[in-house]
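Here is the structure we will look at.
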Amino acid sequence: QVQLVESGGGLVQAGGSLRLSCAVSGSISSINTLAWYRQAPGKQREMVAAITSGGSTNYADSVKGRFTISRDNAKNTVSLQMNSLKPEDTAVYYCKLIVIVREYWGQGTQVTVSS
């Protein structure tokens, strides 16, 4: 059974930094994509950043230059380094694993940025 467990959320002042991590367990293909999504109250869930098993990355325009996604294929982990945080970054952040046509989600971790 595939499980994703996020950690690293919390409360931070605007301009500060946080690092989110997601540990993936279970039997998964080595060819996959890991991504971070977020959902703010009253808004749709949106993709923040994604990284393939080959290391190609993609970012939402709103976080380019501030967030960095990385992964450790040996440890089956993905991280999101978030710098220069803004109040509008406040949301529940979810880790997502995509393997061919199957998707798996973590339970989410709250990130709150105070002004």
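The values are calculated or read from the model by the stated rules, or taken from the named source; none is laboratory data. Please read these numbers as outputs of a predicted model, since none were measured by experiment. With ideal geometry, Cβ positions are generated from the backbone for all residues, glycine too; neighbour counts draw on all protein chains shown. For the accessible areas, the whole protein counts, side chains as well, though only heavy atoms, and no ligand, DNA or RNA atoms are used. Shrake-Rupley method; radii C 1.70, N 1.55, O 1.52, S 1.80 Å.
Out of segment 15-60, which residues are β-branched (Val, Ile, Thr) and more than 17 Å from Ser79 (Cα to Cα)? Show your work before the answer.
Filtering segment 15-60 for residues β-branched (Val, Ile, Thr) gives 24, 28, 31, 33, 48, 51-52, 57.
Of everything in segment 15-60, those that are β-branched (Val, Ile, Thr) and more than 17 Å from Ser79 (Cα to Cα) turn out to be Ile28, Ile31.
Return yes or no: is Asp89 out of contact with any Lys or Arg (no Cβ under 7 Å at 6 or more places or on another chain), under 12 Å from Ser53 (Cα atoms) and not β-branched (Val, Ile, Thr)?
Numbers: out of contact with any Lys or Arg (no Cβ under 7 Å at 6 or more places or on another chain): yes; under 12 Å from Ser53 (Cα atoms): no; not β-branched (Val, Ile, Thr): yes.
So Asp89 fails the test.
Across segment 84-107, what is the number of residues that are loosely packed, with under 15 Cβ neighbours inside 10 Å, among the aliphatic types (A, V, I, L, M) and not in a strand (DSSP E or B)?
The total comes to 2.
Consider Gly15 carefully, then state whether it is open to solvent by 80 Å² or more (accessible area, probe 1.4 Å), of a type in the set (Gly, Ala, Ser) and over 15 Å from Thr109 (Cβ atoms). Steps first, answer last, please.
Details: open to solvent by 80 Å² or more (accessible area, probe 1.4 Å): no; of a type in the set (Gly, Ala, Ser): yes; over 15 Å from Thr109 (Cβ atoms): yes.
When the stated conditions are applied, Gly15 does not pass them.
Those residues that are under 19 Å from Ser7 (Cα atoms) and either open to solvent by 40 Å² or more (accessible area, probe 1.4 Å) or without any contact (Cβ under 8 Å) to a residue 12 or more places away in the chain (or both), I need them from segment 47-69; list them, please.
The answer is Met47, Thr68.
Quick one: which of Gln81, Gln39, Gln110 is open to solvent by 80 Å² or more (accessible area, probe 1.4 Å) and of a type outside the set (Ser, Thr, Tyr)?
Exactly one residue qualifies, and that residue is Gln110.
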